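Comments concern the structure below.
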Amino acid sequence: MLPPVHGPLLALMPRAEAELEMLAAPDQVTAVQGFKPDHDRLAARGFATALTPEGKYGAALVQIVKSKPGTLSAIAEALVHLAPGGLLLVDGAKEEGIESVLKALKGVLPVDDVYSKAHGKLIWLTRPDHLPEALMDWIAEPAEIEGGYITAPGGFSVDGPDRGSEILVALLPQLSGRVADLGAGWGYVAAEVLAEHEGIETLDLIEADHPMLEAAKANIDDPRARFHWADAALFKPDAPYDVVLSNPPFHTGRRADPGLGRAFIQAAARLLTPRGRFFMVANRHLPYEPALKDAFTTGRLMGELEGYKLYEASKPRRQTRA
C-alpha cells in the first residue's frame, strides 16, 4: 500500500490531466512542466507551475517520458529537491519504458515497493540522507553537437539535425518577408534559413518545449529571430506571415499521432496572409494530403526523398483563418 504523502509535493513532468489531487491538496503542489500545453492546463486547474524546481519538498512525483535520459535526469533532480526521508514516486506505462527505469533505479537506490497497474507501474522509495554519486551522473545538461549547435537533453533529434529538416532546408526556394517556423525545436531549420535567405525580415521560432527553445536561443544570434514559447495550434502573432515552415511532430509519447501534424497544417493556414506559402516536410507514410487540401486551395508535392515528402501549399482557405 502506498505510504501517506507528507509536506508539499513536487511534480516533475506531470501530464495536463495528472490526478495530482490524489496525492496532495492543490495548494501543496508545484508542477514543473516545460511543455506549454500541459503547463497551461495545469495552471488553469489551479496548480502552481514552474519551469525548474527550487527548494525542498516532502514528496515528489516523476511521470516518465519517452526519453529515458530525460526521465532519469528528472528523477535525480527530484531526489536533490526532496528532504531526507521524503517520498519519491515514479509513475509510467510499460510502453514508455517503466521497466527499464525501475531497473536503473534499483541499481543505485533501494526501492521500497512497486504497484503494478493495467498498463504500467508506480514505484516508490524513501530518499536517503546521502545520495549516491552515480545518481548525479543522471542529471542531463545541454550538449554541443557537430556544427556547433546546442541541443536540449531529452528532446527531439538531440544527436544532430533530423534528416527531414535537412531536406526541408535544402529544397526551399528563396524566402522573403515575415517567416515562422512551427515546432522550431533547437533551431536548426531557423538558423540555416536565416543564414541562406537575406530577404527574410523576421523569423519567429514557435516551440512548445521550453528547454528546446532555450537551446534555440543559444544557437541563433541573428537579430531577425524572435522566440516564442507557445503551442503552435494556439499561437497568435502580431501580424500574418508570408511564409510558414514546419517539420511537425508526429508522436505523443511513444505513439504515432498524425493529429499533431494536422493541427500544425491548420495553424499554418490560420497564420498566413492570403498569398502566404506553407512549406512542410513529413515522413512519407503520414497521411497529410487530405488535411492540406482542406486547409489550402492550392498545393504541390515538391519532392520525395529518403522516406520524406516535401509539400508546398498556398492560398489558405478562408474558414481556417482566425
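The values are calculated or read from the model by the stated rules, or taken from the named source; none is laboratory data. Computed from a predicted model, the values in this text were never measured in an experiment. In this analysis, Cβ positions are derived from the backbone assuming ideal geometry, glycine residues included, and neighbour counts consider all displayed protein chains.
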Looking at the structure I just gave you, is P110 surrounded by fewer than 21 Cβ atoms within 10 Å (Cβ to Cβ), more than 20 Å from G154 (Cβ to Cβ), in contact with a Lys or Arg (Cβ under 9 Å, 6 or more places away or on another chain) and not assigned by TED's automatic domain parsing to the domain that holds D209? no
Does region 16-54 hold any residues that are in contact with a Lys or Arg (Cβ under 9 Å, 6 or more places away or on another chain), part of a loop (DSSP other than H, G, I, E, B) and not small (G, A, S), and which are they? E17, Q33
Restrict the check to region 38-55 and report whether at least one residue is touching a residue at least 60 places away in the same chain (Cβ under 8 Å) and closer than 21 Å to G97 by Cα. no
Conditions (1) crowded, with 19+ Cβ neighbours inside 10 Å; (2) not in a strand (DSSP E or B) -> G92 fails only (2)
Return the only residue of F296, F264, F279 being crowded, with 19+ Cβ neighbours inside 10 Å, over 15 Å from A233 (Cβ atoms) and in contact with a Leu (Cβ under 6 Å, 6 or more places away or on another chain). F279
Those residues of region 222-259 which are assigned to a strand (DSSP E or B), modelled with pLDDT under 95 and of a type in the set (K, R) amount to R255
Every residue in region 264-322 that is closer than 20 Å to L205 by Cβ and in a helix (DSSP H, G or I), please. F264, I265, Q266, A267, A268, A269, R270, L271
Can you name every one of the strands (runs of 3 or more DSSP E) wholly within region 100-215 that holds 2 or more residues which are without any contact (Cβ under 8 Å) to a residue 24 or more places away in the chain? 113-117
When G185 is evaluated against the numbered criteria (1) surrounded by 18 or more Cβ atoms within 10 Å (Cβ to Cβ); (2) more than 26 Å from D40 (Cβ to Cβ), which criterion, by number, is the only one it fails? (2)
